Amino acid sequence: FDRLITAFSVATARGLKARLVIAGGGPERERLDRLIVTYGMSERIQLAGYCEPPRLRAFMQAADLQVCTSVFENLSLAILEGMACGTPVLGTPGGGTPELVAQIDQALVLADDHPHTLADALPVWLADVDRLGALGRRARALAVERYDWERVVDGLETVCGEVASEWH
């Protein structure tokens with residue numbers, strides 16, 4: 001999240017009018033708090049800490065854009081949750097992030113994971129509210145169509161059945 005905080009701070013210094021909420025807890029909290037203070041962003045960046053599911057869902061549904069700045073993610077539950085809430089996700093090109101994000105729009109996959117790339121991208125994406133709305137609807141439809149819990153479990157059971165039948 002340090003890359004996100006840095007990029008958001010740079011974009012804000014360039015004129016971006018937005019707020020950043022980071023949900024979740026962890027051992028990096030104190031370091032991230034210090035970074036936010038160092039950049040003078042306490043009024044614009046909120047570390048919400050651990051959020052119960054209803055509060056987390058409310059944050060995701062209220063967001064214009066979710067950002068995944070991880071260098072590597074497998075099949076990210078956070079990205080899928082954002083998609084299910086109707087929020088488009090801007091993400092880095094590492095791991096499984098492009099596989100999920102590109103289904104919404106290939107342009108949502110950043111060229112790299114550098115803060116300056118994200119700082120350039122944030123104002124462009126956040127300025128296009130209509131496009132974000134359309135991409136959010138597409139994200140929700142994809143999440144329901146391809147990643148619904150029943151569908152995933154049924155698919156897993158099918159694969160397990162096929163593997164088990166090959167062993168007998």
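The values are calculated or read from the model by the stated rules, or taken from the named source; none is laboratory data. If you're wondering where the values come from, they're calculated on a predicted model, not measured in any experiment. Reconstructed Cβ throughout: ideal geometry from the backbone, glycine too, with neighbour counts over all protein chains shown. Accessible surface areas use protein heavy atoms only, side chains included; no ligands, DNA or RNA. Shrake-Rupley method; radii C 1.70, N 1.55, O 1.52, S 1.80 Å.
Judged by the gyration tensor of its Cα atoms, with axes a ≥ b ≥ c, the range 1-150 is prolate; a/c meets the 1.5 cut and a/b is the larger of a/b and b/c.
Here the gap between residue 117 and residue 166, fully extended at 0.36 nm per residue and compared with their Cα-Cα distance, gives a gain of 12.9 nm.
Rounded to the nearest 10 degrees, the inclination of helix 149-167 to the longest alpha-carbon principal axis of the chain is 50 degrees.
Here the spin labels are modelled as points 7 Å beyond Cα on the Cα-Cβ line, and at residue 148 and residue 102 they lie 2.6 nm apart. If you take all other residues with their beta carbon under 14 Å from the beta carbon of residue 113, and give Lys and Arg +1 and Asp and Glu -1, the sum is -3.
For residue 50 and residue 130, a Förster radius of 22 Å and the Cβ-Cβ distance give a FRET efficiency of 0.05, rounded to the nearest 0.05. Measuring with a 1.4 angstrom probe and ignoring ligands and nucleic acids, residue 29 comes out at about 100 Å² accessible.
Of 31, 14, the order by accessible heavy-atom surface (1.4 Å probe, DNA, RNA and ligands excluded), from most exposed downward, is 14, 31. The C-alpha atoms of the chain define a longest principal axis, and helix 29-38 lies at about 30 degrees to it. Solvent-accessible area of the chain (1.4 angstrom probe, protein heavy atoms only): carbon and sulfur portion equals 56 percent.
With R₀ fixed at 22 Å, the C-beta to C-beta distance from residue 141 to residue 21 puts the FRET efficiency at about 0.35. Counting heavy atoms of the protein chains alone, residue 147 has an accessible area of about 60 Å² for a 1.4 Å probe. Probing with 1.4 Å while keeping every protein chain in the model, the per residue accessible area of the chain equals 58 Å².
May I ask for the net charge around residue 95, where only other residues with Cβ less than 11 Å from the Cβ of residue 95 are counted and Lys, Arg are +1 while Asp, Glu are -1? Here the charged neighbours net out to -3.
Charge tally for residue 28 (other residues, Cβ to Cβ under 11 Å; Lys, Arg +1; Asp, Glu -1): 0. Result for the chain in a Gaussian network model with C-alpha springs under 10 Å: among 51, 68, 85, the largest mean-square fluctuation is at 51.
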